[in-house]
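The values are calculated or read from the model by the stated rules, or taken from the named source; none is laboratory data. These numbers were taken from a predicted model, which means no experiment stands behind them. Using ideal geometry, Cβ is built from the backbone for each residue, glycine included, and neighbour counts are taken over all protein chains shown.
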């Protein structure tokens, strides 16, 4: 009887000790992270929107958290190669992903054999930006308005558009469909390459991210005919929304966030999310994003999880309505 009592007490002690070790380890993880370089995987080419965003955040996290944050590009399959790589990486917080609506809102609806589940195979940490699309054409001999462009597209009937992400693909397809003109989509590994061909005349239009199109619009190489946001951009107040231009069904916007492999330590996730939210309160950080034509709009971990779910459903509804089939 006495030996049984000692056995039970010993078991309780071991369980309590184990819990204490787990608690201490968790605290230690939060306090010491990052203790080695953190790799931020950009699933697109260098110079893309995701790459620019990742480098700003990497710089700011290094300043606020210490340690080293390295941006590494792994392009391919419209962001799927890099995303799949992160989904299968160790869930220790040292391999992160520049997630986006391309890889986590649209890819699941456009790809029959997507190598990952957009929700279950990732830890969605925080949103970074919301990005309206800009309808751009070659500046030389460009039409004056979006309506003029559509009239020309209907008349010629041989327009083509380029895209370096699935979100840009859907935005362009939705525009052509709603404006009732035929258009051929040409895929690129990233938007910079597509923009180069647009300037060269190989394609006729794009729905480009503001950060990619803005410098070339300012340089006079591209002309902006409209934006997809519901209100005019504060950074481009002279450019009408496509709704104003007579195409009200074109209100799609993209988003970019931070994600990691599934089942990351909660304390690491909470710390990363909190640090990103703090960045949104710094005018100098917001100015860096504004310089790219982006509005930095971070959200919390719990909000971003729900946001990611809602965006997956929203884009799915739009894709189905446009009659776009997975390939």
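Points to keep in mind about this one:
- Total residues in the stretch 233-247 satisfying the condition of being within 17 Å of residue 150 (Cβ to Cβ), free of Cβ contacts under 8 Å to residues at least 24 places away in the same chain and surrounded by fewer than 19 Cβ atoms within 10 Å (Cβ to Cβ): the figure is 2.
- The numbered conditions (1) in a helix (DSSP H, G or I); (2) surrounded by fewer than 18 Cβ atoms within 10 Å (Cβ to Cβ); (3) modelled with pLDDT of 90 or more are all true for residue 14 except (3).
- Yes/no for residue 203 being at pLDDT 90 or above and in a helix (DSSP H, G or I): no
- With respect to (1) crowded, with 23+ Cβ neighbours inside 10 Å; (2) under 17 Å from residue 106 (Cβ atoms); (3) at pLDDT 90 or above; (4) touching a strand residue (DSSP E or B) at 6+ places or on another chain (Cβ under 6 Å), the lone exception for residue 131 is condition (3).
- Test: residue in the stretch 136-147 that is at positive phi and surrounded by fewer than 23 Cβ atoms within 10 Å (Cβ to Cβ): yes
- Count - residues of the stretch 281-302 that are farther than 18 Å from residue 132 by Cα, assigned to a helix (DSSP H, G or I) and without any contact (Cβ under 8 Å) to a residue 60 or more places away in the chain: 3
- Filter result for residue 81 (surrounded by fewer than 23 Cβ atoms within 10 Å (Cβ to Cβ), at pLDDT 95 or above and either within 15 Å of residue 257 (Cα to Cα) or in the same structural domain as residue 127 (by TED's automatic domain parsing) (or both)): yes
- Residue 98 vs. criteria over 24 Å from residue 310 (Cα atoms), surrounded by 14 or more Cβ atoms within 10 Å (Cβ to Cβ), at pLDDT 95 or above and in contact with a helix residue (DSSP H, G or I) (Cβ under 6 Å, 6 or more places away or on another chain): no
- Residue check, residue 278 touching a residue at least 60 places away in the same chain (Cβ under 8 Å), in a loop (DSSP other than H, G, I, E, B), out of contact with any helix residue (DSSP H, G or I) (no Cβ under 6 Å at 6 or more places or on another chain) and within 21 Å of residue 303 (Cβ to Cβ): no
- Here residue 229 clears all of (1) in a helix (DSSP H, G or I); (2) closer than 28 Å to residue 320 by Cβ except the condition numbered (1).
- Residue match in the stretch 105-115 (condition: touching a helix residue (DSSP H, G or I) at 6+ places or on another chain (Cβ under 6 Å), farther than 30 Å from residue 287 by Cβ, free of Cβ contacts under 8 Å to residues at least 40 places away in the same chain and not in a strand (DSSP E or B)): yes
- Some residue of the stretch 178-189 being out of contact with any strand residue (DSSP E or B) (no Cβ under 8 Å at 6 or more places or on another chain) and without any contact (Cβ under 8 Å) to a residue 60 or more places away in the chain: yes
- Pairs meeting the criteria (first residue in the stretch 206-232 and assigned by TED's automatic domain parsing to the domain that holds residue 161 and under 13 Å from residue 47 (Cα atoms), second residue part of a loop (DSSP other than H, G, I, E, B) and modelled with pLDDT of 95 or more, beta carbons under 9 Å, at least 6 apart or on different chains) are 215/221.
- Answer residue from the stretch 170-194, given it is modelled with pLDDT of 90 or more and farther than 19 Å from residue 245 by Cβ and is surrounded by the fewest Cβ atoms within 10 Å (Cβ to Cβ) among those: 184
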